[in-house]
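The structure appears below as structure tokens.
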Amino acid sequence: MSQSAVVQAIATYGPISRASVAKLTGLSKQTISEIVGNLEVDGWVRTVGQTEGHVGRRAVVYEISPDAATVASVDLGGTKVRVALCDLTGCVLAERTEPTEQSGGLNVVEQVSRMVRATSTDSEYGELKFVVVGVPGVPDATTGAIHMAPNISDIDQIDLANELNQRMGVEVLVENDVNLAALGEHWMDNRTDADDLVFVSVGTGIGAGIVVDGKLMRGVSGAAGEIGFLPFGADPFEAESLKTGALERVSATEAIVGQYRDLSGNTLSVPAIFEAANAGDADATTTLDNVALQIARASASIIAILDPSLIVMGGSIGAREELMQRVTRFLGQCFPRTVSIQPSKLGAHAALAGGASIALSHLHMSLFAEGQKGAEIRVPPPAFETFKAGVS
């Protein structure tokens with residue numbers, strides 16, 4: 001417990017002197033000296049100079065050694081795989097992107113393993129210690145299978161985390177990608193009132209990641225936030241709604257393309273429909289209004305139950321300003337309280353940031369808290385622009 005407290009102080013406030021660590025933790029100077037000395041010998045902290053501007057002797061200051069180990073964050077999507085390798089401060093050291101192996105199953109496992117190993121090899125930093133993989137579905141805590149992920153074939157037939165662990169030889173944690181995006185936005189957000197936020201992702205599908213009191217809400221089966229199955233939009237009692245979800249059937253990519261085709265007789269891509277609406281196309285405008293109205297209904301449902309301080313819109317469709325303006329307008333017409341709706345700061349890299357935050361917390365806990373109950377180490381995020389530059 002003492003060691004975890006010391007590491008938390010150095011990680012949060014470093015560079016910092018041992019005397020300042022003692023004040024923050026309430027531990028004796030002798031205890032601090034022993035713990036910091038051991039951490040320095042083992043390479044987990046390093047000296048970075050001395051304090052300036054103080055009366056008397058100058059004190060040596062310490063920080064976490066960023067290159068002592070690395071973690072990997074993986075965003076596994078239906079069309080592409082992204083891998084980001086991060087140091088112990090969360091800074092991105094290397095990144096790799098490939099189209100997702102369309103044969104699915106174990107071939108995707110082999111692809112992710114190969115990409116993580118190759119990305120780790122690209123770096124001269126420390127040994128890879130932990131991997132977090134974001135998936136477009138719900139991980140089954142018992143079998144390790146990924147449910148509700150129709151865009152990656154046969155991923156519901158394997159224990160994904162175990163298969164990856166066997167190939168890479170490091171601990172692997174699998175999490176829903178929208179949950180990771182919510183954690184990424186929360187991790188990178190410097191607002192003091194953003195500990196309760198909901199990340200709504202609209203793209204190929206629609207889903208939400210929920211952060212309450214700074215912690216992710218997963219639910220008993222890990223399916224919290226599957227708002228595509230809210231029982232409105234399409235008929236929730238139709239068989240198709242049990243597969244795709246009543247709300248998702250009227251609000252995601254295929255729905256937008258289909259609605260515009262039904263109104264105009266023409267088939268356009270989603271970006272082209274947005275462009276047509278901006279150019280004054282009445283059918284495109286009606287299509288986007290219809291979609292925004294359904295998302296506003298979903299947002300009102302979320303607010304009524306969770307009362308978040310912020311809704312973050314993300315995904316290839318959800319983060320578009322034209323859609324957010326419509327959602328905000330319709331929400332004001334159906335819900336009495338104003339809630340801030342903002343675009344994702346991290347865009348396509350939100351899930352990678354969330355994966356990095358989880359990986360670093362798990363690694364620090366395993367290294368420095370050694371499973372002690374009540375111990376907690378929160379790793380501060382790197383500078384926002386530094387992270388984005390690393391994954392650009």
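Every number here is computed from the coordinates shown, using simple stated rules; none is lab data. The model shown is predicted, which means the values in this text are computed figures rather than measured ones. A quick note on method: Cβ atoms are made from the backbone with ideal geometry, for glycine too, and the neighbour counts reach across all protein chains shown.
Some observations on this one:
- Ascending count of other beta-carbon atoms within 10 Å, so fewest first, for ILE303, ILE210: ILE303, ILE210
- Working from Cα pairs under 8 Å separated by at least six residues, relative contact order for the chain is 17 percent.
- Other residues whose C-beta falls under 11 angstrom from the C-beta of THR12 contribute a net charge of 0, scoring Lys and Arg +1 and Asp and Glu -1.
- Environment charge at ILE256 (Cβ cut-off 14 Å; Lys +1, Arg +1, Asp -1, Glu -1): -4
- Within the chain, helix-based [θ] at 222 nm, where runs of 4 or more DSSP H residues each add -39,500 (n - 2.57), nearest 500: -12500 deg cm²/dmol
- Formal net charge of residues neighbouring GLU240 (Cβ-Cβ distance under 15 Å; K, R +1; D, E -1): -2
- Sorted on the mean count of surrounding Cβ atoms within 10 Å across their residues, most packed first, peptides 8-20, 336-348 read 8-20, 336-348.
- Each peptide in 81-87, 101-107, 34-40 was scored by the mean count of other Cβ atoms within 10 Å over its residues; highest first, the order is 81-87, 34-40, 101-107.
- Extension gain, PHE384 to ASP67: 0.36 nm times the residue separation minus the Cα-Cα distance gives 112.2 nm.
- Loop chymotrypsin sites (Phe, Trp or Tyr not before Pro), the stretch 161-268, which have at most 14 other Cβ atoms in a 10 Å radius of their Cβ (DSSP): PHE232, PHE237
- Pairs of Cα atoms farther than 23 Å apart, the stretch 190-344, %: 35
- Of all beta bridges that DSSP places with both ends in the stretch 190-344, some 45 percent have antiparallel geometry.
- When each of the peptides 61-73, 162-174 is scored by how many other beta carbons lie within 10 Å of its residues on average, the order from highest to lowest is 61-73, 162-174.
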